[in-house]
Amino acid sequence: MCKKSNEFTVIAETKRICLVKLEESHIEPLKLIWGDESVMNLCGGASDFSKFHKTIQAYSEQQLNYGLSVYGVMDKEMGELVGTAGFNWYGDLAEIELIYHFRRKSWGLGFAFEAASLCLEIAKNHSSLLRISASADSRNAASLRILEKLGFRFKAIQWFEDTQQEEPTFELLINDIKSKGMEEM
C-alpha cells in the first residue's frame, strides 16, 4: 500500500509505485518536477509555479469528465512524489497523449517505464479510446527507448507549439495493448 494512501486518492499501484490523484498538497514536490529546468528542458522548459494550481484543477476535471488524467507517481518506499504520468485529452475522445516527467534524482531507476506501463493498463479498459499518442524530444534517448519498449510505433515528425520544436511522434493502438498484456512488453 502507498505509505500515505490515507492522504491521497490512489488510482493504481505496483510493488514500487502508486499513481495518485494530484492534489494541492503536491504543489511543493511538483516544483522539483515541472518547475525544474533540468527536468523540463526538453519539454518546453520549466513551468511557472503560479500555474500549478490551475494545472492540478484541470487534471482533476479531466479525471472527473473522462476517467483518465495525469497522476502523481509516488515512490512507495520513500513515501514521496517522484514524478507525474498519465494522459492529456485534446478534444478527441478516441485519442489521448501519454506523458511522464520525473524528478532528476529518480532518473534511471525504471520509474518512468513502470508508471507508463501502469497508465496503459488503466487506459486499455476505457470504452471510447482507440489510440494513444506520445512524443519525445529526439535528444531524449531514454524516453524514446521507453516508448519503443512499450510498443509505440513511429508515426511522424510533428511541430509542437508548447515546446516550440519538431518532435518525433508515436502511437499505440488500444487493441495492441489488449492483445498483448503489458507484462509482455
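Rule-based calculations on the coordinates, nothing more; no lab input. Please read these numbers as outputs of a predicted model, since none were measured by experiment. For neighbour counting, all protein chains shown are included, and Cβ atoms are generated from backbone atoms with ideal geometry for every residue, glycine included.
What is the order of Ser179, Ser47, fewest Cβ neighbours within 10 Å to most?
Values: Ser179 10, Ser47 18.
Going from least to most buried by this count: Ser179, Ser47.
Given the Cα atoms of segment 69-114, and with Rh set as the inverse mean 1/r over their pairs in the Kirkwood sense, what is Rg to Rh to two decimals?
For segment 69-114, the value is 1.06.
So what is the relative contact order for the chain, in percent, with contacts set as C-alpha pairs under 8 Å and at least six apart? Could you put the intermediate results ahead of the total?
On the way: 310 pairs, mean separation 33.7, N = 185.
Dividing the mean separation by the residue count of the chain yields 18 percent.
Among Trp159, Trp34, rank each residue by its count of other Cβ atoms within 10 Å, from fewest to most, as a rough exposure measure. Spell out each step's value before the answer.
Numbers: Trp159 9, Trp34 20.
Going from sparsest to densest Cβ surroundings: Trp159, Trp34.
Can you work out ³J(HN,Hα) from phi for every residue in segment 14-22, in order, using Karplus 6.51 cos²θ - 1.76 cosθ + 1.60 and θ = phi - 60°, giving whole Hz and x for Gly and Pro?
Computed from phi, the couplings for segment 14-22 are 10, 5, 9, 10, 9, 8, 10, 5, 5 Hz.
Excluding same-chain pairs closer than 8 in sequence, count the lysine pairs in segment 10-180 whose Cα atoms lie under 12 Å apart.
Values: Lys15/Lys76; Lys31/Lys51; Lys124/Lys178; Lys124/Lys180.
Lysine pairs satisfying the spacing and distance rule in segment 10-180 number 4.
If the chain between Glu80 and Met40 were fully stretched, how many nm would it gain, using 0.36 nm times the residue separation less the Cα-Cα distance?
Numbers: separation 40, 0.36 × 40 = 14.40 nm, distance 1.95 nm.
Roughly 12.5 nm would be gained on extension.
If you wrap a convex hull around the alpha carbons of segment 73-163, what volume per residue comes out, as a whole number of Å³?
119
Report the Rg/Rh value for segment 1-76, based on alpha-carbon coordinates and the Kirkwood definition of Rh.
Numbers: Rg = 12.8 Å, Rh = 13.1 Å.
On the Cα set of segment 1-76, Rg over Rh gives 0.98.
Of Tyr66, Tyr90, Tyr59, Tyr71, how do they rank once you tally other Cβ atoms within 10 Å and put the fewest first?
Placing the least packed residue first, the sequence is Tyr90, Tyr66, Tyr59, Tyr71.
With no solvent and one point on each alpha carbon, what is the Debye value of log10 I(q)/I(0) for the chain at q = 0.14 Å⁻¹?
Per q value, in the given order, log10 I(q)/I(0) is -0.74.
Roughly what would the spin-label model give for Lys105 and Lys155, points 7 Å off Cα along C-beta, in nm?
3.6
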